[in-house]
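What follows is one structure encoded as structure tokens, with my remarks underneath.
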Amino acid sequence: MNERKQLVVIALDGVPFSLLKEMVARGNMPHMGKLLKESALFKIDSVHPPISSVAWASFWTGAKPAEHGITGFIERDPGTLDWFVPNAKHLKKKTLLQLLSEAGKRVFSLNVPVTYPPTKVNGIVVSGFLGSDLAKGTYPPAIGSFLKAKGYRIDADVEAGKKDPDKFYHQLFEIMEKRFEALRYFYENGPWAFFMGHIMETDRLHHFFWRYYEERVEPYSAYFFNFYQKLDSLLGQFFKQLPDDAPLLLLSDHGFTRLKYEVNLNRWLMENGYLYFKQAPPQNLKDLHEFTTAYSLYPGRIYLNLKGREKTGKVQAGIEYETICNELSAKLMQLKDPNGKPVVQKVVRGYEGYGLPKTLDHQIFVDPLQFKNIPDLLILPEEGYDFKGVLWAKKTFEQTMFNGTHTYDNAFLLTRKITPKNGVKDITDVFGLIKDFFEI
């Protein structure tokens, strides 16, 4: 490793600040505990909505979702009502990998979301989830064949987790071991100025095992703690390869909590007379009926069937649009789960939740027709509720195999030998921290 200025970044997807501190305090993560003694630890926020693709796009670009263009796992073209999975091709801003490459820095990125398809860089990119094809998910392309021969995988089989938690758990172990094996190999085969690895298996564990950890349900509670012991061991092996004074960042993209209910928002819209389909069950958004006033995409994004924007548009921009937005917001604030608990913390206009600039007095009218992919309304849920975008569900509230969900707050940032000049409030600010470090 002979790059003059080097930075290593390790991303632990969905690991909360509070959980990290607990695991260290319990003695489950001795290597992380040692690192904490020589580092600074910050509690940071995610972005709205706090999902991996949106948050990591903000990390890569330093921009809010309205600026970088990734607003969810699924997007739709309002003119055709085709839907698609947004990826790196849809980013509207340059990424750290591109900026550092242009500055002559050699870069490496493994498994970080929103890197598929990979762009040409001065170094190596191995795409993260949302890119399922390893053969097409690496730059240079030959890296994909090399990793496949080693048994490397982009992601675990989430569907398997719904059927067999034990098998899924052991799969997570195997994939994480291969992930770190790749990190150790490529780090040794540098030199690198910027070297980043992302661990997705923590997020996967939390979605399926969080309740068991929280309620100490055995044997899965033991699985949870054992997983973190294994993670710490793998981190320790990797840290041994680094110089003792190597600048280092560790971070997560959102927090986690117990999932109380999945909320099928389109079911609620149907029951309240806002959403109609041409056939039951609908196959996709092209089955929206022209009588539809509003529909939803995950997570908690509501789009009005706006004339001049949506293919089947019926809602007029202006007074009718504003009236319906206000009406929906008021009704959603009254929504309660089967136990009588409120499920909505706040309903905001899409341009507000996604970071578009607002005037101080909030009086300037924002024309929704100019924002093709920004939802008209964004639901900020109470902790423990996940607003789904399933088109056709039998009921509004469901409990499934998923028992953990994301939070906007309680993510973490650990820094060693790299000091934030202006503080770090959320994951977007980490971009500036890294740019300042490399003085670009």
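Quick look at the values:
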| item | result |
| --- | --- |
| Single residue of Ile319, Ile324 found to be over 21 Å from the mean Cα position of the chain (by Cα) and open to solvent by 60 Å² or more (accessible area, probe 1.4 Å) | Ile319 |
| Conditions (1) outside any strand (DSSP E or B); (2) in contact with a strand residue (DSSP E or B) (Cβ under 7 Å, 6 or more places away or on another chain); (3) open to solvent by 10 Å² or more (accessible area, probe 1.4 Å); number of the one not met by Phe42 | (1) |
| Given (1) surrounded by 16 or more Cβ atoms within 10 Å (Cβ to Cβ); (2) on the phi < 0 side of the Ramachandran plot; (3) part of a loop (DSSP other than H, G, I, E, B), number of the condition Tyr295 does not satisfy | (3) |
| Residue within segment 117-129 that is open to solvent by less than 20 Å² (accessible area, probe 1.4 Å), within 23 Å of Phe438 (Cα to Cα), of a type outside the set (Gly, Ala, Ser) and out of contact with any strand residue (DSSP E or B) (no Cβ under 7 Å at 6 or more places or on another chain) present | no |
| Residues located in segment 89-105, provided they are open to solvent by 50 Å² or more (accessible area, probe 1.4 Å), part of a loop (DSSP other than H, G, I, E, B) and either basic (Lys, Arg) or in contact with a His (Cβ under 9 Å, 6 or more places away or on another chain) (or both) | Lys92, Lys93, Lys94 |
| Those residues of segment 233-286 which are in a helix (DSSP H, G or I), hydrophobic (A, V, I, L, M, F, W, C) and in contact with a Ser or Thr (Cβ under 8 Å, 6 or more places away or on another chain), in sequence order | Leu265, Trp268, Leu269 |
| Conditions (1) more than 30 Å from Lys162 (Cβ to Cβ); (2) assigned to a loop (DSSP other than H, G, I, E, B); (3) touching a Ser or Thr at 6+ places or on another chain (Cβ under 8 Å); number of the one not met by Phe431 | (2) |
| Qualifying residue in segment 75-91 (condition: farther than 30 Å from Glu310 by Cβ and either within 22 Å of the chain's Cα centre (by Cα) or charged (D, E, K, R) (or both)) | no |
| Qualifying positions in segment 62-85 - open to solvent by 10 Å² or more (accessible area, probe 1.4 Å) and either part of a loop (DSSP other than H, G, I, E, B) or closer than 26 Å to Val424 by Cα (or both) | Gly62, Lys64, Ala66, Glu67, Gly69, Phe73, Ile74, Gly79, Thr80, Val85 |
| Sole exception among (1) modelled with pLDDT of 95 or more; (2) in a helix (DSSP H, G or I); (3) within 30 Å of Gly69 (Cβ to Cβ); (4) under 23 Å from the mean Cα position of the chain (by Cα) for Glu159, by number | (1) |
| Residue in segment 293-302 that is in contact with a Gly (Cβ under 9 Å, 6 or more places away or on another chain), at pLDDT 95 or above and more than 22 Å from Tyr385 (Cα to Cα) present | yes |
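The values are calculated or read from the model by the stated rules, or taken from the named source; none is laboratory data. Being a predicted model, the structure only gives us computed values, none of them experimental. Note that we place each Cβ from the backbone using ideal geometry, even for glycine, and neighbour counts take in every protein chain shown. Accessible surface is based on the protein model in full, side chains and every heavy atom, while ligands, DNA and RNA are left aside. Shrake-Rupley method; radii C 1.70, N 1.55, O 1.52, S 1.80 Å.
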